[in-house]
1. Just wondering, is there one or more residues in the range A:307-323 that are surrounded by 16 or more Cβ atoms within 10 Å (Cβ to Cβ) and either without any contact (Cβ under 8 Å) to a residue 40 or more places away in the chain or small (Gly, Ala, Ser) (or both)?
2. Looking at A:Lys124, A:Lys82, can you tell me which residue is in contact with a Gly (Cβ under 7 Å, 6 or more places away or on another chain), basic (Lys, Arg) and touching a residue at least 60 places away in the same chain (Cβ under 8 Å)?
3. When you go through A:Leu217, A:Leu228, A:Leu253, A:Leu270 one by one, which is the residue that is buried (at least 24 other Cβ atoms within 10 Å of the Cβ) and either more than 19 Å from A:Asn284 (Cβ to Cβ) or not polar (S, T, N, Q) (or both)?
4. So how many residues does the range A:138-153 have that are more than 13 Å from B:Ser104 (Cβ to Cβ), within 21 Å of the chain's Cα centre (by Cα) and at the interface with chain B (Cβ under 7 Å from one of its Cβ atoms)?
5. Restricting attention to the range A:168-204, which residues are assigned to a loop (DSSP other than H, G, I, E, B), touching a Leu at 6+ places or on another chain (Cβ under 9 Å) and surrounded by fewer than 24 Cβ atoms within 10 Å (Cβ to Cβ)?
6. Residue by residue through the range A:35-51, note down the ones that are touching a Ser or Thr at 6+ places or on another chain (Cβ under 6 Å) and either at the interface with chain B (Cβ under 7 Å from one of its Cβ atoms) or of a type in the set (Gly, Ala, Ser) (or both).
7. From A:Phe259, A:Phe296, which residue is closer than 21 Å to A:Ala182 by Cα, of a type outside the set (A, V, I, L, M) and either assigned by TED's automatic domain parsing to the domain that holds A:Glu220 or at pLDDT 95 or above (or both)?
8. Identify the residue in the range A:63-83 that is outside any loop (DSSP other than H, G, I, E, B) and touching a Lys or Arg at 6+ places or on another chain (Cβ under 9 Å) and, among all such residues, is nearest to A:Arg191 (Cα to Cα).
Protein chains: 2
Amino acid sequence: MSILEDQKPNSKTSLAEIGEFGLIEQIKEGFPIQLDSTLRGIGDDAAIVDYGNEKTVISTDLLIEGVHFSWSYMPIRHLGYKAVVTAISDICAMNAVPKQIMVSMGISNRFTLEAVDELYNGMKYACEKYNLDLIGGDTSSSVQGLVLNMTAIGSAKEDQLAYRSGAQENDLIVVSGDLGAAFLGLQVLEREAQVTKVNPNNQPDLDPYAYLIERQLKPEARVDIIQLLKDLGVQPTSMIDISDGLSAELIHLSKESGFGFTIYEEKIPLDPTVIRTAEEFQINPITCALSGGEEFELLFTINQGDFEKIKANPNLTVIGHVTNKGAENYLITTGSEQMVPLRSQGWGATPETE
Amino acid sequence: MSILEDQKPNSKTSLAEIGEFGLIEQIKEGFPIQLDSTLRGIGDDAAIVDYGNEKTVISTDLLIEGVHFSWSYMPIRHLGYKAVVTAISDICAMNAVPKQIMVSMGISNRFTLEAVDELYNGMKYACEKYNLDLIGGDTSSSVQGLVLNMTAIGSAKEDQLAYRSGAQENDLIVVSGDLGAAFLGLQVLEREAQVTKVNPNNQPDLDPYAYLIERQLKPEARVDIIQLLKDLGVQPTSMIDISDGLSAELIHLSKESGFGFTIYEEKIPLDPTVIRTAEEFQINPITCALSGGEEFELLFTINQGDFEKIKANPNLTVIGHVTNKGAENYLITTGSEQMVPLRSQGWGATPETE
């Protein structure tokens, strides 16, 4: 996380001093166009992208202070980085490659130019890492707090696109990376924020939780998995990114395809830090994986014939299979081998403590 | 305005009852896909648009309660309509045709499902009128008030696109419709809101201001002008929509092209209601036209050779011409024929009272 290490800016320029157009000018200078497919970026009424015979894929995400993030644990530069990741993860979830982003921002007058700079520095770091152009957006004052809207644009050939609805009977269910860490990272950060509120001199040792905190504050979009699947010659039959928890995403794929999904508790990939910290918080680690959001891992289905191509890859884990048309969705528990029906969780729901 | 007449919904369903996915499902049903160029709409991780050999044009706008609109005069259905108009006007300003929109919405818990329905009804009415597909977005709770982000997507052939930077020496400066009405409509509505605050039984006679209020509450995007210019065989050399006032937009075109712009006070198109009401408010009507935002008329430049094609059209007015490279921008006043330098106005600035 060193490059994104939070710097406390010393100078304080009010946004009124620089003005809306000054701010846009400054953003434009910080994000020069890099991609051939960007025909026109910041500075006109609209941006223009060009993918020749490829399809344009577009997604938009709204992030609101106090709902999606809190300054008590989120450094502003990390927020910029994470906002980009959140946006492009949806493009990856179509098996497409993200190329451009647009950023709309509502800022209250308690923000300084330096704070906005930090936000854009985080975005710039993400744009460089993921090879993206920032091509436009909107800036506005806000009555209270920060509001961000991210629009992500990408491309894919038509036969490479993966919809939520494409899963077929007997397909294998695959997940990238490991799950539950981002949720537990948030629990750790919120606990420390509470302690610091009571004792401002609190100097917590967060080293044991470094992996969890990084997953929460600086998650990654799995653009690498999209490339990996292309390299392996695997076309996913359906795909989604894990933003609301594994359980909710499986139910989406099941609902859209019309097939039942069955997964195995013992197959769900968990980092040792997740298992250890879940125990400390007295939460079942599987519950963290099933219900914890903001993982940005990819969940997808593949034809059984493709199993040989992926089985040796440490980034991919087969966690179950697609069952019959109209069947329910189940988790098969370890040991007792019970079939537990999978349930979705709604708006702002969090895993329950045991 | 009859179809958009505000209906007071009787039933009150909390959004928690229906949930995020229920709300998305309901929005999806209300906006069936109409266009061939919409490959995939609501319900996957991202929407997909397809313009074959045309270019994809994309813009995004953020609207925040208390900044861009106020419930004291804005019926929620009109807000939905206006939000769509605001978004697609930027696509028109590229001389492109708007085709799809994406809507992200942050809603506080004081909103009912019926209020959200009214908002989408206004959007639906705009989508039908302008032949648009609503293809996706994001829904979220908000801490305070309503936050909307609109992303508009359109298409044009590459040689039809009009950039802000394209104006050439001696080009004519043209504006569609008339100016200043939306600004004065806001003044009238704010005055009535103040009176109603003091006397809740206030029954104002708004008929004399109907045109102004309609321009404020139910503006239109000039998609018709894009078609008209095509029909007339006129390719604008540069173009912008008037969202921050004529003066600010002229300065944008001047800055991007590097040429000076000179306009004539007597040529600026004003509706008689604007002249009469400006007098009542003791504001110069030209000031309303120069500085009043949210007109959504198109400001563009054309080659002098195209003058014959447009001169008879009541929707288009030539207001001046492009001067020399690096020259200043001027308003030539009527009568005294003084050259007054044009100035831009910043964030949230409004015309000064005389």
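The values are calculated or read from the model by the stated rules, or taken from the named source; none is laboratory data. Fair warning: this is a prediction, and the values are worked out from it, not measured in the lab. Cβ placement follows ideal geometry from the backbone for every residue including glycine, while neighbour counts extend to all protein chains displayed.
1. yes
2. Working: A:Lys82 fails: in contact with a Gly (Cβ under 7 Å, 6 or more places away or on another chain).
Testing whether each residue is in contact with a Gly (Cβ under 7 Å, 6 or more places away or on another chain), basic (Lys, Arg) and touching a residue at least 60 places away in the same chain (Cβ under 8 Å) leaves just A:Lys124.
3. Details: A:Leu217 fails: buried (at least 24 other Cβ atoms within 10 Å of the Cβ); A:Leu228 fails: buried (at least 24 other Cβ atoms within 10 Å of the Cβ); A:Leu270 fails: buried (at least 24 other Cβ atoms within 10 Å of the Cβ).
Exactly one of A:Leu217, A:Leu228, A:Leu253, A:Leu270 is buried (at least 24 other Cβ atoms within 10 Å of the Cβ) and either more than 19 Å from A:Asn284 (Cβ to Cβ) or not polar (S, T, N, Q) (or both), namely A:Leu253.
4. 1
5. Scanning the range A:168-204 gives A:Gly177, A:Asp178.
6. Of everything in the range A:35-51, those that are touching a Ser or Thr at 6+ places or on another chain (Cβ under 6 Å) and either at the interface with chain B (Cβ under 7 Å from one of its Cβ atoms) or of a type in the set (Gly, Ala, Ser) (or both) turn out to be A:Ala46, A:Val49, A:Asp50.
7. Values: A:Phe259 fails: closer than 21 Å to A:Ala182 by Cα.
Testing whether each residue is closer than 21 Å to A:Ala182 by Cα, of a type outside the set (A, V, I, L, M) and either assigned by TED's automatic domain parsing to the domain that holds A:Glu220 or at pLDDT 95 or above (or both) leaves just A:Phe296.
8. So the first thing to find is which residues in the range A:63-83 are outside any loop (DSSP other than H, G, I, E, B), and the list is A:63-65, A:69, A:76-83.
From the residues that got through so far, the ones that are touching a Lys or Arg at 6+ places or on another chain (Cβ under 9 Å) too are A:63, A:69, A:78, A:80-82.
Details: A:Leu63: 22, A:Phe69: 15, A:His78: 19, A:Gly80: 23, A:Tyr81: 23, A:Lys82: 21 Å.
Step by step, filter the range A:63-83, then rank; the result is A:Phe69.
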